[in-house]
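A.B. asks: Before I ask anything, here is the structure I am working with.
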Amino acid sequence: MKGKILVTGGTGYIGSHTVVELQQTGYEVIIIDNLSNSNADVIDGIERITGIRPAFFQLDCNDREGLKRMFKENKGIDGIIHFAASKAVGESVKKPLLYYRNNIVSLINLLELMPQYGVKGIVFSSSCTVYGQPDILPVTENAPIKPALSPYGNTKQINEEIIHDTIYAGAPFKSIILRYFNPIGAHPSAEIGELPNGVPQNLVPFITQTAAGIRKELKVFGDDYNTPDGSCIRDYINVVDLAKAHVIAVERMNTNKSLSNIETFNLGTGKGVSVLELIKTFEKVNGVPLNYKIVDRREGDIEKVWADPDYANRVLGWQAKETLEDTLASAWKWQLRCCKGK
Ligand code: WQD
């Protein structure tokens, strides 16, 4: 085995895809997840893909005593990938204290326990949300961090600062912060994918559920932005490409390749795609007409953002490879498989 990695939030969307890539690269994986926004059946899907069933503990990262027990019973954890967090932008505006407590206390618990159990590195799941509406596009890691537009986005900024300050104070571990753009799609096997609880907040699951007849119509939040077709632009990155970047980050920390104790990378394709372009691509690739209508803008949406992935390409040796077409085909294949008749 190449090492033992703890994946918090490992039954979630990006977490589960990362567990698959870690196992297929030769890592032993332990998942902890409180199942507040995912389902333990995901572990069966992971096992069907890799043939290896990861260890799983239903555990909340806010449960410090529970975490201590888990670390005591599972010695030799080399690194952590920390996905576990609440992540619905709109919900965070309505329930700020839930987001601040859940997303910040969970990280603090891990950072305090890592030195006691010899854990040498933590990969932190951050987001392009920290940039707000960038002044310059494409956006690099040096772009200014803008005041957060939501408590969710603020917890990402605060957590990045907590990691910086802890390592600056001499903590005996490294960290790599990964700022995702918009993860979409599903594993090509269709054994795992995005399975939001309730009404999807994000664009692509809402599209696939509309195409499947689960939702009546997709509402496009505004076509009066300063973009070529008036709809917002984002950098949609394939979730498997994203998962592979996490394996590279873990290897980089474990083999001490990184010169500094903390590094930050943008994970995007470098290509901006509008909402209307994505809809048209989905319809073309999957041969499925989509029922949608243009409505007012959604509060808090930024107009356009896409990554300059050059730093991650060069330093991590990582590149987003999957096309938007193949990614939207994988999302549709997953929708047909996961939610038949729901
Ligand atoms: C994309 C575009 C919407 C739904 C957020 C978080 C980010 C990450 C991903 C967690 C926007 C439009 C959407 C719909 C629509 N979160 N849209 N109709 O807001 O860019 O990013 O989710 O990891 O951190 O900030 O993603 O998919 O919600 O929206 O028109 O029903 O699709 O207006 O322009 P977003 P999204």
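The values are calculated or read from the model by the stated rules, or taken from the named source; none is laboratory data. Computed from a predicted structure; not experimentally measured. Positions of Cβ are generated from backbone atoms using ideal geometry, with glycine treated the same way; all protein chains shown enter the neighbour counts. For the accessible areas, the whole protein counts, side chains as well, though only heavy atoms, and no ligand, DNA or RNA atoms are used. Shrake-Rupley method; radii C 1.70, N 1.55, O 1.52, S 1.80 Å.
A.B. asks: Taking only protein heavy atoms into account and a 1.4 Å probe, give the accessible area per residue of the chain in Å².
C.D. replies: Values: 14950 Å² over 342 residues.
Here the residues of the chain average 44 Å² of exposed surface.
A.B. asks: Same structure again: Rounded to whole Å, give me the distance from the Cα center of the range 218-273 to that of the range 86-124.
C.D. replies: The range 218-273 and the range 86-124 have Cα centres separated by 20 Å.
A.B. asks: Same structure again: Round to the nearest 0.05 the FRET efficiency obtained for Tyr311 and Met1 when R0 = 22 Å and r is the Cβ-Cβ distance. All intermediate terms of the calculation are to be shown ahead of the outcome.
C.D. replies: Values: r = 30 Å, r/R0 = 1.37.
For Tyr311 and Met1, the calculated efficiency is 0.15.
A.B. asks: In deg cm²/dmol and to the nearest 500, what is the mean residue ellipticity at 222 nm of the chain if only DSSP H runs of at least 4 residues count, each as -39500 (n - 2.57), divided by the residue total? List each step's numbers first, then the result.
C.D. replies: Numbers: 11 runs with 121 residues, N = 342.
It lands at -10500 deg cm²/dmol.
A.B. asks: A further question on this structure: Based on the Cα gyration tensor of the chain, what are the three equivalent ellipsoid semi-axes, each the root of five times an eigenvalue, rounded to whole Å and given largest first?
C.D. replies: Values: eigenvalues 193, 104, 71 Å².
Each semi-axis is the square root of five times an eigenvalue, giving 31, 23, 19 Å.
A.B. asks: On the first, second and third principal axes, largest extent first, how far apart are the outermost C-alpha atoms of the range 97-230 in Å?
C.D. replies: 52, 39, 32
A.B. asks: Please give the Cα centre distance for the range 19-68 versus the range 166-211, rounded to the nearest Å.
C.D. replies: With the range 19-68 and the range 166-211 each reduced to a Cα centre, they are spaced 15 Å.
A.B. asks: Now, a different point. Take the chain, connect every pair of alpha-carbon atoms lying under 10 Å apart with a spring to form a Gaussian network, then pick out the residue of Pro289, Pro138, Pro183 with the largest mean-square fluctuation.
C.D. replies: Ranking Pro289, Pro138, Pro183 by mean-square fluctuation puts Pro289 first.
A.B. asks: GluC sites (Glu not before Pro), restricted to the range 202-284: which are DSSP loop and have at most 13 other Cβ atoms within 10 Å?
C.D. replies: Numbers: sites: Glu217, Glu251, Glu263, Glu277, Glu283; in loops: Glu217.
Passing both the DSSP loop test and the Cβ count: Glu217.
A.B. asks: Let me ask something else. Can you tell me the relative contact order of the range 220-342? Whole percent, Cα pairs under 8 Å, sequence separation 6 or more.
C.D. replies: On the way: 150 pairs, mean separation 47.9, N = 123.
Value for the range 220-342: 39 percent.
A.B. asks: Which value, in debye to the nearest 20, gives the size of the charge dipole of the chain about its Cα centre, when Lys and Arg are +1 and Asp and Glu are -1 at the Cβ?
C.D. replies: Values: 38 positive and 39 negative charges, 120 e Å.
Value, rounded to 20: 580 debye.
A.B. asks: Could you pull out every residue, at least 5 positions away or on a different chain, whose amide H is within less than 5 Å of the one on Ile31? Hs are placed 1.01 Å off N in the peptide plane, and Pro or chain starts have none.
C.D. replies: Residues meeting the criterion, in which the H sits 1.01 Å from N, are Val7, Ala55, Phe56, Phe57.
A.B. asks: Right, next: For the range 19-101, state which chymotrypsin sites (Phe, Trp or Tyr not before Pro) are in a DSSP loop and have at most 14 other beta carbons lying within 10 Å of their beta carbon. Could the numbers behind the result be given before it?
C.D. replies: On the way: sites: Tyr27, Phe56, Phe57, Phe71, Phe83, Tyr99, Tyr100; in loops: Tyr27, Phe83.
Loop-located and lightly packed - none at all.
A.B. asks: Same structure again: Any chance you could get the radius of gyration and Dmax over the Cα atoms of the range 100-168, in Å?
C.D. replies: 13.6, 42
A.B. asks: Something else now. Take the solvent-accessible surface of the protein heavy atoms, probe 1.4 Å, and return the percent of it on the range 6-66 that carbon and sulfur atoms account for.
C.D. replies: Numbers: 930 of 2190 Å².
Carbon with sulfur: 43 percent of the solvent-accessible area.
A.B. asks: Less than 25 Å apart at the alpha-carbon level, and either on another chain or at least 8 residues along: which lysines does that give for Lys72?
C.D. replies: Lys2, Lys4, Lys120, Lys174
A.B. asks: With θ taken as phi - 60° and the coefficients 6.51, -1.76 and 1.60, list the Karplus ³J(HN,Hα) couplings across the range 189-204 in order, rounded to whole Hz; mark glycine and proline as x.
C.D. replies: Whole-Hz 3J(HN,Hα) from phi for the range 189-204: 6, 6, 7, 9, x, 8, 9, x, 6, x, 6, x, 8, 8, 4, 5.
A.B. asks: Now, a different point. Which residue fluctuates most in the GNM of the chain (Cα springs below 10 Å): Glu325, Glu73, Glu112?
C.D. replies: Glu73
A.B. asks: Straight-line reach from Lys271: which lysines fall under 28 Å, measuring Cα to Cα and dropping same-chain residues less than 8 apart?
C.D. replies: Reachable lysines: Lys87, Lys146, Lys156, Lys219, Lys244, Lys280, Lys284, Lys293, Lys304, Lys321, Lys333.
A.B. asks: Here is a follow-up. In Å and on Cα atoms, what radius of gyration and Dmax does the range 17-94 show?
C.D. replies: Using the Cα atoms of the range 17-94, the pair Rg, Dmax is 13.8, 42 Å.
A.B. asks: In the range 130-195, carbon and sulfur make up what percent of the accessible area (probe 1.4 Å)?
C.D. replies: Numbers: 1530 of 2630 Å².
It is 58 percent, rounded to a whole number.
A.B. asks: Whole-Å semi-axes of the range 191-342's equivalent ellipsoid, largest first, each the root of 5 times a Cα gyration tensor eigenvalue? Provide the component values of the computation, followed by the final result.
C.D. replies: Working: eigenvalues 189, 77, 35 Å².
Semi-axes (√(5λ), whole Å): 31, 20, 13.
A.B. asks: Just want to confirm a number: the relative contact order over the range 270-339, from Cα pairs under 8 angstrom separated by 6+ residues, in percent. List each step's numbers first, then the result.
C.D. replies: Working: 28 pairs, mean separation 32.0, N = 70.
Contact order relative to length: 46 percent.
A.B. asks: Return a whole-number percent for the relative contact order of the chain, with Cα pairs under 8 Å and 6 or more residues apart as the contact set. Kindly include the intermediate steps, with their values, before the conclusion.
C.D. replies: On the way: 673 pairs, mean separation 65.1, N = 342.
Relative contact order for the chain comes out at 19 percent.
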